[in-house]
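The values are calculated or read from the model by the stated rules, or taken from the named source; none is laboratory data. Fair warning: this is a prediction, and the values are worked out from it, not measured in the lab. Glycine gets a Cβ as well: all are built from the backbone with ideal geometry, and neighbour counts include every protein chain shown. To get the accessible areas, we keep the full protein, side chains included, count just its heavy atoms, and leave off ligands, DNA and RNA. Shrake-Rupley method; radii C 1.70, N 1.55, O 1.52, S 1.80 Å.
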Amino acid sequence: MRAIVDIPASEVRSDLTTILRAQGLPAGYEPDPRVTAQGEEALDLVTTLCAPRGVYASLDQTTFAVIYGGQGKNAPETPVAAVYPRADHLALFAVTLGPAVSVRIQELFARREFTLAALLDAAASEAAELAATALERRYVAALLAQGGGKTARKPAFLAYSPGYCGWDVSGQAALFAALRPEEIGIHLRESFLMDPLKSITGVLLGGPAAIHAFWDGYPFCTACESRDCRERIRRVLTGRADGA
Amino acid sequence: MEILQQLAVTLQKGQDSQVRELTRQAVEDGVPVQQVLDEGLIAGMGVVGERFRTHQIFLPEVLLAARAMYAGLDVLEPLLAAAEVPRAGTAVLGTVQGDLHDIGKNLVAIMLRGAGFSVIDLGHDVPPERFVAAARESGAQIIGMSALLTTTMPVMRRVVELLAREGLKGRIRTIIGGAPVSVEFAQEIGADGYAYDGVSAVERVKALLQDVSPGPA
């Protein structure tokens, strides 16, 4: 099952609190009113400038094993390596917001609209995450619609991306070769950087919620600042995952 | 001097049009340009940097002040150039080859300019040779490199190695930053410094400049 999906820009609009948090503002802090106004402007710009598109393609464990092996640079033990053999459903995915928002961010810096530029960057990063979540919802809906699923219960999904959790970023090469996200305008540079910048790739792994529970004591976890896997796992284990 | 204190306070509030006017007024009143820069604009940004460091304000507010700083610099820079007033130093900045992420580098550039440095911003996807050539041609004392990808971090090492091969290491100091970069990585590749954010970059660059070896005659 493979599909290209256009996602309404309204679906990737974040909120002021989220982007201010991303800029380091703590809860309860009241920023300068100009910051609040420019934050709202940044959110509006995301809606205007972004043309979110995504592609997903389901695959089996054997095929994914080869892709995941990539260039042989992954950490010796990783969460993905532990989860995917127990997953009932696997799908590669890619989403992008398109190039316009990154161009505008650069223009704003050049025009010395520094605050708006930084807030737009934060809003766009969050929008890319929301686009990935929106794509996941569509994939799960399509999966359920075609009667797929080895289990009677609705599968719980989590996404993993090259460059995180021990999956070396060089894995992008094999992922791109299999998924062909060039069809939605995402290109891979020699450094494995994606163009447009506001793009996300990865694999969706689905199955019983319990397969996603992993220990966060891998060596690379100590260097991880976000630790957002804890919250994502908590959501799937409590049945509150967006795609489940 | 009251007008310079007023200028510094206005800058801290990020009021760019008032900063421009006060800067003009100070110059017209005969205050030496260097003094307007040091005791007005740089003093104001110094307070902003300290308030950021102590979490009294946050990045978007720092950037409002930086915009105001630029408004004042627009008035002063032609005068500084005409009077051949020396700047705090010159830094060549860029995001390394293969990497397009330049938000962090832009913030460092803004903060360094706000601290009185001359900044040559090479943009993103900058090869090692370009960093070194730009620093050599401009007489820069600092090369600042940013990377957001682990795959592009080795370019930083290549810049340090190239400086060494050309006999410029020590004369041109290197400072690195970016999400995957650490002080340990800086030490490993022989870079002279690491900075976590724009404010710490200014502090680190100032410290490095206290310790720059004299170049060949």
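Residues of the stretch B:60-82 that are over 16 Å from B:Val31 (Cα atoms) and either open to solvent by 10 Å² or more (accessible area, probe 1.4 Å) or of a type in the set (S, T, N, Q) (or both): B:Glu61, B:Leu64, B:Arg67, B:Tyr70, B:Asp74, B:Ala81. For the stretch A:172-200, a tally of residues being within 14 Å of another protein chain (Cβ to nearest Cβ) and open to solvent by less than 30 Å² (accessible area, probe 1.4 Å) returns 8.
Take B:Asp125 and decide whether it is open to solvent by 10 Å² or more (accessible area, probe 1.4 Å), within 27 Å of A:Lys198 (Cβ to Cβ) and over 17 Å from the mean Cα position of the chain (by Cα).
So B:Asp125 passes the test.
Restricting the stretch A:76-116 to residues that are of a type in the set (Phe, Trp, Tyr) and under 23 Å from A:Tyr160 (Cα atoms) leaves a set whose member that is nearest to the other protein chains (Cβ to nearest Cβ) is A:Phe93. Tell me, please, whether a residue that is of a type in the set (Lys, Arg), crowded, with 20+ Cβ neighbours inside 10 Å and outside any helix (DSSP H, G or I) can be found in the stretch B:199-217. No: the stretch B:199-217 contains no residue that is of a type in the set (Lys, Arg), crowded, with 20+ Cβ neighbours inside 10 Å and outside any helix (DSSP H, G or I).
Every residue, every condition in (1) touching a residue at least 60 places away in the same chain (Cβ under 8 Å); (2) within 14 Å of another protein chain (Cβ to nearest Cβ); (3) of a type in the set (D, E, K, R), yes or no:
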{"site": "B:Phe52", "(1), (2), (3)": "yes, yes, no"}
{"site": "B:Phe58", "(1), (2), (3)": "no, yes, no"}
{"site": "B:Glu61", "(1), (2), (3)": "no, yes, yes"}
{"site": "B:Leu79", "(1), (2), (3)": "no, no, no"}
{"site": "B:His101", "(1), (2), (3)": "yes, yes, no"}
{"site": "B:Met111", "(1), (2), (3)": "yes, yes, no"}
{"site": "B:Ala133", "(1), (2), (3)": "no, no, no"}
{"site": "B:Gln141", "(1), (2), (3)": "yes, no, no"}
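Examine the stretch A:128-146 for a residue that is within 14 Å of chain B (Cβ to nearest Cβ) and part of a helix (DSSP H, G or I), and state whether such a residue exists. Checking the stretch A:128-146: at least one residue is within 14 Å of chain B (Cβ to nearest Cβ) and part of a helix (DSSP H, G or I).
Of everything in the stretch B:83-99, what is away from every other protein chain (no Cβ under 12 Å) and free of Cβ contacts under 8 Å to residues at least 60 places away in the same chain? Give them in sequence order. Give the derivation first.
Here is the first cut: in the stretch B:83-99, the ones away from every other protein chain (no Cβ under 12 Å) are B:83-94.
Hits for the stretch B:83-99 are B:Ala83, B:Glu84, B:Val85, B:Pro86, B:Arg87, B:Thr90, B:Val92, B:Leu93, B:Gly94.
Just need a number here: residues in the stretch A:44-66 that are in contact with a helix residue (DSSP H, G or I) (Cβ under 8 Å, 6 or more places away or on another chain) and over 13 Å from A:Thr201 (Cα atoms).
15
Would you point out the residue of the stretch A:36-54, among those that are more than 19 Å from A:Phe109 (Cβ to Cβ) and charged (D, E, K, R), that is farthest from the other protein chains (Cβ to nearest Cβ)? Step by step, filter the stretch A:36-54, then rank; the result is A:Arg53.
Based on this model, can you work out whether A:Ala37 counts as open to solvent by 30 Å² or more (accessible area, probe 1.4 Å), out of contact with any strand residue (DSSP E or B) (no Cβ under 8 Å at 6 or more places or on another chain) and at pLDDT 95 or above? Write out each step before concluding.
Numbers: open to solvent by 30 Å² or more (accessible area, probe 1.4 Å): yes; out of contact with any strand residue (DSSP E or B) (no Cβ under 8 Å at 6 or more places or on another chain): yes; at pLDDT 95 or above: yes.
Judged against the criteria, A:Ala37 is a match.
For the stretch B:17-59, the set of residues classified as closer than 27 Å to A:Ala42 by Cα and open to solvent by less than 40 Å² (accessible area, probe 1.4 Å) consists of B:Val19, B:Met45, B:Val48, B:Gly49, B:Ile57, B:Phe58, B:Leu59, listed by residue number. Scanning the stretch A:1-19 for residues that are free of Cβ contacts under 8 Å to residues at least 60 places away in the same chain and within 14 Å of chain B (Cβ to nearest Cβ) gives A:Leu16, A:Thr17.
Determine, yes or no, whether B:Ile120 is β-branched (Val, Ile, Thr) and surrounded by 21 or more Cβ atoms within 10 Å (Cβ to Cβ).
Details: β-branched (Val, Ile, Thr): yes; surrounded by 21 or more Cβ atoms within 10 Å (Cβ to Cβ): no.
So B:Ile120 does not fit the description; no.
Residues of the stretch B:170-198 being within 25 Å of B:Gly139 (Cα to Cα) and open to solvent by 50 Å² or more (accessible area, probe 1.4 Å), which ones? Once the filter is applied, which keeps residues that are within 25 Å of B:Gly139 (Cα to Cα) and open to solvent by 50 Å² or more (accessible area, probe 1.4 Å), the stretch B:170-198 yields B:Arg171, B:Gln187, B:Tyr194. Taken over the stretch B:63-77, the residue count meeting the criterion of being within 13 Å of chain A (Cβ to nearest Cβ) and charged (D, E, K, R) is 2.
Only a single item in (1) of a type in the set (A, V, I, L, M, F, W, C); (2) within 19 Å of A:Leu108 (Cα to Cα); (3) at pLDDT below 95 is not met by A:Ala27, and it is number (2). The listed residues are A:Arg21, A:Arg53, and the only one of them that is open to solvent by 60 Å² or more (accessible area, probe 1.4 Å) and within 27 Å of A:Ala213 (Cβ to Cβ) turns out to be A:Arg21. Among the residues of the stretch B:149-167, is there at least one that is open to solvent by 50 Å² or more (accessible area, probe 1.4 Å), farther than 30 Å from B:Arg67 by Cβ, touching a Phe, Trp or Tyr at 6+ places or on another chain (Cβ under 8 Å) and within 14 Å of another protein chain (Cβ to nearest Cβ)? Checking the stretch B:149-167: not a single residue is open to solvent by 50 Å² or more (accessible area, probe 1.4 Å), farther than 30 Å from B:Arg67 by Cβ, touching a Phe, Trp or Tyr at 6+ places or on another chain (Cβ under 8 Å) and within 14 Å of another protein chain (Cβ to nearest Cβ).
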